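The values are calculated or read from the model by the stated rules, or taken from the named source; none is laboratory data. Note that the structure is predicted; figures quoted are calculated from it, not measured. Quick note on the areas: whole protein, heavy atoms, side chains included, nothing else; ligands and nucleic acids left out. Shrake-Rupley method; radii C 1.70, N 1.55, O 1.52, S 1.80 Å.
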Amino acid sequence: MANYTEVRYINAYVSGSAARMVQTKAQQKKSAVMAKFRPKRKVVIAVDPVAVFGIVVASVMAVMLMVGFMTLNRVNEEAMAMEQYVADLQEENVSLQTTYENGYDLEQVRQIAQAMGMVSIDQVPHISLDVSVPVQEAEPTPWETFVTFLTGLFA
């Protein structure tokens, strides 16, 4: 019995070198069950956020435009009131100027000034001085300063 080999792991027919596993009917039924495919739920956004943002920005700009118009109207009304006030002040100035000029006599003022020892401007000697301002040296421009810097750097 020396020629008998004891190979106990080969119990069935083997095709080539790949051994196939023998399956029973109970094992075949279990492997046939597959998991069901469940598609991912789509996220549905009912309102587009970019459109909402655009609407909000447009409404804010419209409100700002209305506020700007109201401010402009108020400033125009104030400007018209100030123009009317200036016109009233000019009229009052003219009337006060005529009242002031009519309130004194120039001849009487001249007599009082001569009595106090004042003289007319024609009788006073005038001395004129010629003053020459020294010419200032022109400051270099920024471009000239930059060129000078580069010249010193690469010289």
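Rg to Rh for the stretch 91-155: what is it, with Cα atoms only and Rh by Kirkwood? Show your work: numbers first, answer last.
Working: Rg = 30.1 Å, Rh = 19.2 Å.
Rounded to two decimals, Rg/Rh equals 1.57.
Can you give me the % of accessible surface on the stretch 65-155 that is carbon or sulfur? Probe 1.4 Å, all protein chains present, nothing else counted.
Numbers: 5740 of 9170 Å².
Whole-percent figure for carbon plus sulfur exposure: 63.
Hey, how much of the P(r) for the stretch 80-124 falls beyond 14 Å, as a percent of Cα pairs? Write out the running numbers ahead of the final one.
Values: 670 of 990 pairs.
Result: 68 percent of Cα pairs exceed 14 Å.
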